[in-house]
Amino acid sequence: MTERSLTPLPPEALYRRCPLDGLDFETTSDLEPLGEHLGQERAVDALRFGLAMHHEGYNLFLLGSPGVGKRELLRDLLGERPEPLAEPRDWCYVNNFDEPHKPRVLSLPAGKGRELAADMLRAVEELLVSIPAAFQSEEYQAEVQELADEFARREQEAFQALGDRARAQGVALIRTPSGYTLAPTRDDKVLSPAEFEALPEEERKRLLEVIEALKEELKSVVRQIPRWVREGREKLRALNREYSTLVIDQAFEELLNKYRQLPAVLEYLEAVKRHVADNVEAFRQAAGEDLPPEAAPLKAREFRQYAVNVVVDNGGRQGAPVIWEDHPSYGNLLGRIEHIAHQGTLVTDFGLIRAGALHHANGGYLVLDAAKVLAHPFAWEGLKRALRCGEIRIQSVEQWLSFASTIQLEPEPVPLRVKVVLTGDRLLYYLLQHYDPEFGQLFKVAADMAEETPLTPENAALYARLVRALVDRYGLLPFTRDGVARVVEQCARRVEDAEKVSLHLGYLADLLRESDYVARSRGRDRVGAEEVRAAVAAAIHRLDQVAERVRENILRDIQLVDTAGAVVGQINGLAVYQLGQFAFGKPSRITATTRMGSGGVIDIEREARLGGRIHSKGVMILSSFLASRYAADRPLSLTATLAFEQSYGGVDGDSASVAELAVLISSLSGLPVRQDLAVTGSVNQLGQVQAIGGVNEKIEGFFDVCAARGLTGTQGVVIPAANRVHLMLRDDVVEAVRAGKFAIYAITHVDEALELLLGAPAGEPDAEGRYPPESINGRVVARLEEWAKRRRKFSAEDGGKGAAEEEGENSEGGEEPTGGGGDGG
C-alpha cells in the first residue's frame, strides 16, 4: 500500500487571466460600441416572440436578478417601435345628461380629444355671448311684447263683454285692488246701500238675481285667466326655444360638420344641444351678471357639465405607446376618481376622472415591476381582472369590494388592448406560476436573462465593446487594454467561475464608474488595470469593517482558531458570511468527540436549533458513510458529537461535511489533525468530495489569518477538485502560493483529505476486507472493534442491563443522525 501524493495547485490555476487574443486595441476609444446584448440571445428571442404575438394571454415576464439589465434590454427592444396592438386613440369622458352618475366614454382618433375639448369650450363661450344677445334683440322683445299684449287683450275683451252684459241689466262691473266686483246701478250710477234698500222689493230681488248670475259668469272668466297665462307661458317657452335653438344650431353647426365621421361624438353633441336648450336660462343669468366679453372664456369653464375630460391624449405620438409605471398602485394602474371639497362635503363629477397606466398604454405596451405590483394592495388583482376582461373599469376599492353604500360614479369601461411586460427575479416568477392559477394563462411568455456567459476570446472582445458602450453612456474615461482585461477578470470572480464572465450590467457599470473616479483623482486620462484594481479594493474596504473585527477576534484569541500544530478531534472549517453585496470568509473551529455507544452522531448545532436542514442532511450523509465503511456487517458501536465552537448564530450548508468527517475519524483513530490547514467541501455517501460555494472568499479568509500571524510555508486550504474552475483569488494569495508560502490542495475523495490532514495513509482493504493496522482506516476499525468487544462484555456481565441503560442515554441525547450546522457553503 502506498500513500497518496497530493500536489498543491500551481499559481496559474488560482487565477485565470483574461484571454488577450481578442483584445486588439489600445483603448476602448478604438472600438465600436456594442449594439447588441451580449449573451442574451435567448431572452431577446423570447421578447421578440412575445411582443409580436398579439393573441390573448401572450403577455411577458422578463426574469433576471436586480441590476442584470432588464430595463436596458426592454428599452432597446421597445425603442424599435414595435407594431401597435391597436390604433392609439384618445379617450375622453363626458357628461351623461340622462344618468349623470354614469359618465360616457368617447373614443377618438389620436389628437382629436384635445380638439373636441377646445371646440366645446369655444362653443360654450359663444353661447354665453350669443344666447343673451338673441334674447335682448328687438325682434325677440317685440315678440315677447306681442305675447303680453295678446294676453292683456284677451283679458280685457272678456271683462269688457261681461261688463257690457251687466250694464244692460243695471249692474256695474267694478275693478278694485283686490279684484273684480258687481254693484247695482241706476242711470250708470252705483247705488249706495241706502239707495239700494229704498228700491222696491221686486227691483231689489231682480238685481240680486242678476248679480248672482253675473257672479257665476265672472268666476268663469277668472277661471280662464290661469289657462291664458299657461298658454302664454307655453308660447313664451316656444319662442325662447325657437330663438335658443336658432343660436344653438348656429353654434354647433360647424362642430357637427367637423365630427360627422364620428357617430359617438355626433350623438354626444346632440345631447348637449338638447340639454342647453332645456337649460338656456343658465346662460341668460350669466349675462345678467354684466359679463364683459373678455370674461367669457373664464365663465365658460364654470359650465363643467359641457366640458370634455380628455383622460388619454395620444396626439403627436409616433408608433405604439410604451408606458413605464414605476409606482403601480391600484389607482395608478386602473385610474381613479378624485374629489374636491365643497362646503364641507367631498363632491366629484366626470371631470375628476383620471386615467391609469393601462389607459395610457392602451394599444401599446406597459412595463411593470412585478414585485411592486404585488406590494400594492389590490393592484395585482385589478391588473389581472383588466387583462382577463379586456376592459378597464374605473372603480374605487370600496366599490370593487362592495363596501360602499353611497352613490358613486360608474364611468363607462374602456376597451383594452395592451401587452403587459412584468419584470422580476426567478423566484417570484416561479412562485406566481405555482400559487396563482391565472398567472400562466395571462403571462404565457417567459424571457429568462442570462447572468453569465463563457469567457472565450470572442466574448472577451464583445465585452470590451460593451465596456466602450457603457463608457460612452456615462461619459467615462477610455479604458486601456489591460484595464478591460482586469474588468473582465473581476466580473469572472463575481460569478465565482474562472471560465465565465458576469453579464450583470449594474455591477459592471458601478465598477467602470468607480474605476473612472480613481483614474480622475490620480490625474489620468485613461483607466488602466491598476485603477480597476484600486477601485475594487476601495469598494471592499468600504464594506469590510465587520470582516476586520472578526479577523481581529481570531488574532487576539478571543475566537479560537489554530494555524499551527496538530490536535486530535479538532479541525479548521471555513464559513462564508454574506452582508448585502459583500461576502467574506472566516475560519471556524470544528471539534468532535467519540465514545463507545450505539452508532449515532449527535449534531450539537441541530440539537441547539442553530443549524439548517442542509447541514442536517450533510451530517446524515457522513453518518451513512461511517456506517457503510466501518460497520457494514456489524453494529456501529459509536456515539459521536460534532460542534462548531463559538458559533452563536444559525449556520447552514453542507460544505463542512468533509471537515466534520475528517475530525470524527481523527477522534476515532487518535491521529491529530493539522491545524495549519483549513478544509471545505461536501461529501457524499461514497466518500466523493463535491463542489461548494464561496471558495474564493473561504480561501482568502483563512489566508488573511495566516498572513497576519506569519506565513510558515506549510499552511493552506483543502478544497474540492470540482472547485478549481471557480478559483479567482486575490493577487496576494497567488503570489504567496508562487513563493511557496501557502498552498491550495484540490481533492476528489475524502481519503485524500484524511491522508493530508492526519499525516498517515488511509489504507486499502485486502481481500478479506481488513485494513493495514497502521493506516487511518485500520486504526478506526481497531478502535470500533475494541468498543464492540467492551459492549459485549458489559452486556454479558450486567445481563443486558448496562446496554439497555446506554441505549436510553443515547436516545435521550438526540442520537438520531441528523444535524443543523454547517459553514454556510
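The values are calculated or read from the model by the stated rules, or taken from the named source; none is laboratory data. Remember, predicted model here, so these are calculated numbers, not experimental data. Because the Cβ atoms are built from the backbone with ideal geometry, glycine has one as well, and the counts that use them run over all protein chains shown. Side chains included, ligands, DNA and RNA excluded: accessible areas come from the protein's heavy atoms. Shrake-Rupley method; radii C 1.70, N 1.55, O 1.52, S 1.80 Å.
Contact list please: Cβ distance under 6 Å, first residue in the stretch 344-356 and under 20 Å from residue 310 (Cα atoms), second residue polar (S, T, N, Q) and not in a strand (DSSP E or B), pairs at least six apart or on different chains.
350/95; 356/332
Report, by residue number, each residue of the stretch 148-168 that is buried (at least 16 other Cβ atoms within 10 Å of the Cβ) and either aliphatic (A, V, I, L, M) or at pLDDT 75 or above (or both).
158, 162, 166
Just give me the residues in the stretch 418-431 being farther than 19 Å from residue 354 by Cα and not in a strand (DSSP E or B), in sequence order.
425, 426, 427, 428, 429, 430, 431
What do you reckon, is residue 498 assigned to a loop (DSSP other than H, G, I, E, B), closer than 24 Å to residue 15 by Cβ and either among the hydroxyl-bearing types (Ser, Thr, Tyr) or touching a strand residue (DSSP E or B) at 6+ places or on another chain (Cβ under 6 Å) (or both)?
Here the answer is yes, as residue 498 does meet what is asked.
Find the residue count for the stretch 312-329, including only residues that are open to solvent by 20 Å² or more (accessible area, probe 1.4 Å) and under 23 Å from residue 410 (Cα atoms).
So the count comes out to 2.
Go through (1) modelled with pLDDT under 85; (2) in a helix (DSSP H, G or I); (3) under 24 Å from residue 87 (Cβ atoms) and name the single condition residue 281 misses.
(3)
Checking residue 577 against (1) open to solvent by 70 Å² or more (accessible area, probe 1.4 Å); (2) under 18 Å from residue 698 (Cα atoms); (3) assigned to a helix (DSSP H, G or I); (4) in contact with a Gly (Cβ under 9 Å, 6 or more places away or on another chain), which single condition isn't satisfied?
Going through the list (1) open to solvent by 70 Å² or more (accessible area, probe 1.4 Å); (2) under 18 Å from residue 698 (Cα atoms); (3) assigned to a helix (DSSP H, G or I); (4) in contact with a Gly (Cβ under 9 Å, 6 or more places away or on another chain), residue 577 breaks only (3).
A quick yes/no check of all residues on (1) closer than 19 Å to residue 529 by Cα; (2) among the small types (Gly, Ala, Ser); (3) open to solvent by less than 30 Å² (accessible area, probe 1.4 Å):
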{"site": "429", "(1), (2), (3)": "no, no, yes"}
{"site": "435", "(1), (2), (3)": "no, no, no"}
{"site": "438", "(1), (2), (3)": "no, no, no"}
{"site": "446", "(1), (2), (3)": "no, yes, no"}
{"site": "460", "(1), (2), (3)": "yes, yes, yes"}
{"site": "466", "(1), (2), (3)": "yes, no, yes"}
{"site": "470", "(1), (2), (3)": "yes, no, yes"}
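Restrict the check to the stretch 667-677 and report whether at least one residue is buried (at least 20 other Cβ atoms within 10 Å of the Cβ), under 46 Å from the mean Cα position of the chain (by Cα) and of a type in the set (A, V, I, L, M).
no
Quick test for you: out of 84, 100, 88, 33, pick the one residue that is open to solvent by 20 Å² or more (accessible area, probe 1.4 Å) and either closer than 24 Å to residue 508 by Cα or of a type in the set (Lys, Arg) (or both).
Of the residues listed, the single one that is open to solvent by 20 Å² or more (accessible area, probe 1.4 Å) and either closer than 24 Å to residue 508 by Cα or of a type in the set (Lys, Arg) (or both) is 33.
Looking only at the stretch 26-85, how many residues end up being within 22 Å of residue 469 (Cα to Cα) and not in a helix (DSSP H, G or I)?
Final tally of qualifying residues: 21.
For the stretch 514-543, give me each residue that is surrounded by 16 or more Cβ atoms within 10 Å (Cβ to Cβ) and among the charged types (D, E, K, R).
514, 516, 526, 530, 531, 533
Among the numbered criteria (1) closer than 30 Å to residue 11 by Cα; (2) at pLDDT below 85; (3) in a helix (DSSP H, G or I), which one does residue 825 miss?
(3)
Is it true that residue 552 is assigned to a helix (DSSP H, G or I), open to solvent by 50 Å² or more (accessible area, probe 1.4 Å) and over 19 Å from residue 584 (Cα atoms)?
Against the criterion (assigned to a helix (DSSP H, G or I), open to solvent by 50 Å² or more (accessible area, probe 1.4 Å) and over 19 Å from residue 584 (Cα atoms)), residue 552 does not qualify.
Could you check the stretch 625-657 and list, in sequence order, the residues that are modelled with pLDDT of 85 or more, closer than 22 Å to residue 598 by Cα and open to solvent by 20 Å² or more (accessible area, probe 1.4 Å)?
Within the stretch 625-657, just 641 meets the criteria.
Can we say residue 143 is within 30 Å of residue 221 (Cβ to Cβ), open to solvent by 50 Å² or more (accessible area, probe 1.4 Å) and touching a residue at least 60 places away in the same chain (Cβ under 8 Å)?
Yes.
For residue 616, only one of the following conditions fails: (1) open to solvent by less than 10 Å² (accessible area, probe 1.4 Å); (2) at pLDDT 80 or above; (3) small (Gly, Ala, Ser); (4) in a helix (DSSP H, G or I). What is its number?
With (1) open to solvent by less than 10 Å² (accessible area, probe 1.4 Å); (2) at pLDDT 80 or above; (3) small (Gly, Ala, Ser); (4) in a helix (DSSP H, G or I) applied to residue 616, the lone miss is (1).
Per-residue answers, yes or no, for (1) at pLDDT 85 or above; (2) open to solvent by 50 Å² or more (accessible area, probe 1.4 Å); (3) part of a helix (DSSP H, G or I); (4) in contact with an Asp or Glu (Cβ under 7 Å, 6 or more places away or on another chain):
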residue	(1), (2), (3), (4)
732	yes, yes, yes, no
746	yes, no, no, no
762	yes, no, no, yes
768	no, yes, no, no
774	yes, yes, no, no
779	yes, yes, yes, no
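Restricting attention to the stretch 198-211, which residues are of a type outside the set (A, V, I, L, M) and either modelled with pLDDT under 75 or within 60 Å of the chain's Cα centre (by Cα) (or both)?
204
With respect to the numbered conditions (1) in a helix (DSSP H, G or I); (2) more than 24 Å from residue 103 (Cβ to Cβ), which one is the sole condition not fulfilled by residue 269?
So the condition that residue 269 fails would be (2).
Answer with yes or no whether residue 398 is under 18 Å from residue 336 (Cα atoms), assigned to a helix (DSSP H, G or I), free of Cβ contacts under 8 Å to residues at least 24 places away in the same chain and within 16 Å of the chain's Cα centre (by Cα).
Criteria not met by residue 398.
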